[in-house]
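What follows is calculated from the coordinates using simple rules that are stated; it is not laboratory data. Given the structure is predicted, the values throughout are model-derived calculations rather than measurements. Positions of Cβ are backbone-derived with ideal geometry, glycine not excepted, and every protein chain shown enters the neighbour counts.
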Amino acid sequence: MTKTAKSPKTTSCDIAIVGAGPAGLSLARALKESGLDILMLESSSENELKNPKPDGRDIALTHLSRQLMTELGLWQKLPKNEINPLREARVINGTSPYFLHFEKPDAPDATLGWLVPNYLIRKAAYECVKPCKNVNLRANSKVALTRTDSEGATITLENGEIITAKLAVAADTRFSQTRRQVGIATRMRDFGRSVIVCRMKHELSHEDIAYECFIDEQTLAILPLFGKNCSVVVTLPSYEAAQLQAMSPRAFAAYIEERFQHRVGKMTLTGERVLYPLVAAYADRFYAERLALVGDAAVGMHPVTAHGYNFGLRGAVDLAQRIAKAHEAGEDIGATPLLAAYSRQHRKVTRPLYLATNGLVEIYTKDHLPARLLRRGLLHLGNALPPVKRLLMNQLTELSAA
């Protein structure tokens with residue numbers, strides 16, 4: 001007697017989100033009251049989602065991000081001693097004492113923004129999504145193939161299970177496999193550099209001032225944390241990064257201390273050094289038939305502005321609002337006009353800063369004479385023209401959008 005092959009298990013939902021990082025989780029949380037059935041597919045384990053490990057990265061949250069996170073309930077879950085205010089920012093060129101200066105807004109207790117560890121944002125987002133009755137978060141679920149057509153999205157998992165949805169959302173990193181499978185071209189910018197991130201403590205107060213130093217072919221960010229602690233971000237050619245990573249903790253601390261011109265006194269390494277290759281990404285469009293991109297799958301920023309999650313959060317909330325409005329009106333939540341409108345708006349928000357950031361990095365990491373003259377002139381121009389400085393500050397803090 002011939003055995004009949006079992007049909008693969010099939011699960012249906014309204015929205016399938018691939019990737020449970022901060023942006024994907026924020027989208028799911030923003031759809032909590034929508035009445036839509038949401039399935040999240042994440043390749044890592046439940047424990048990794050529940051208790052993410054520190055990854056060395058700190059995110060500079062804008063005023064708009066704080067507002068959106070508060071509305072979603074994420075902000076309230078962040079440990080208060082890990083929310084670090086940014087009251088000033090200084091951009092420094094080489095060893096020159098001159099710097100471009102961004103001051104806090106003229107208001108009591110005002111700040112430029114807040115610095116928060118990336119892993120704590122992930123943890124807060126998970127804790128907000130887990131109780132949502134309309135969200136089924138499935139860990140250890142690896143996607144093998146994603147296809148979409150006019151009827152919906154079909155996602156095949158590695159275990160053979162098939163997921164069908166009215167709309168799929170790719171939130172699976174700047175190297176998104178989902179994005180590639182549905183044919184969305186993406187401009188990847190490999191800077192040929194690497195980033196080392198770590199935490200250090202220091203002798204003198206940082207006074208809540210963030211520094212961005214452009215030295216030779218390196219950038220060095222010193223970002224203020226609680227007490228006399230800071231987040232250090234070093235961007236340099238990859239072959240040099242490996243050498244810096246291999247230094248002893250004491251030698252590394254002495255190197256950073258010297259590069260930072262001893263502004264905060266003696267420095268000591270307090271956490272693990274984490275190395276990341278530096279690749280930026282910008283998708284040609286943020287949608288395909290029955291599929292949308294959010295987070296780094298749409299826009300993967302250079303870390304010089306620590307701005308990535310701000311765009312991911314803003315895009316997730318905007319997409320969620322459009323979906324919820326369509327569902328309430330009895331309209332198709334995966335309709336192409338809806339997704340195209342989201343894509344246009346998100347490009348309008350993200351593209352200027354994405355291009356400006358990449359241009360800034362290009363100018364400030366070249367050591368030939370024209371680049372040196374240009375960056376010196378840009379710093380002076382920024383301080384001399386208040387409207388230019390206000391425009392830059394509004395882009396970086398999103399004060400006007402909050």
Neighbour-count order for H202, H327, fewest beta carbons within 10 angstrom listed first:
H327, H202
Going through the cross-link list K77/K142; K228/K266; K142/K325; K32/K80; K53/K266; K9/K142, which pairs have a Cα-Cα distance over 20 Å in this structure?
K77/K142; K142/K325; K32/K80; K53/K266
Taking R0 as 45 Å, what's the FRET efficiency between N159 and Y239 from their Cβ-Cβ distance, rounded to 0.05?
0.65
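For S141, S150, S45, S26, which order do you get if you count the other beta carbons within 10 Å of each Cβ and list the fewest first?
Details: S141 20, S150 8, S45 11, S26 31.
Ascending number of Cβ neighbours within 10 Å: S150, S45, S141, S26.
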Determine, for C213, C132, the number of other Cβ atoms within 10 Å of each Cβ, and report the residues in order from fewest to most.
C132, C213
Determine the relative contact order of segment 180-263: mean sequence separation of Cα pairs under 8 Å and six or more apart, normalised by residue count, in whole percent.
29
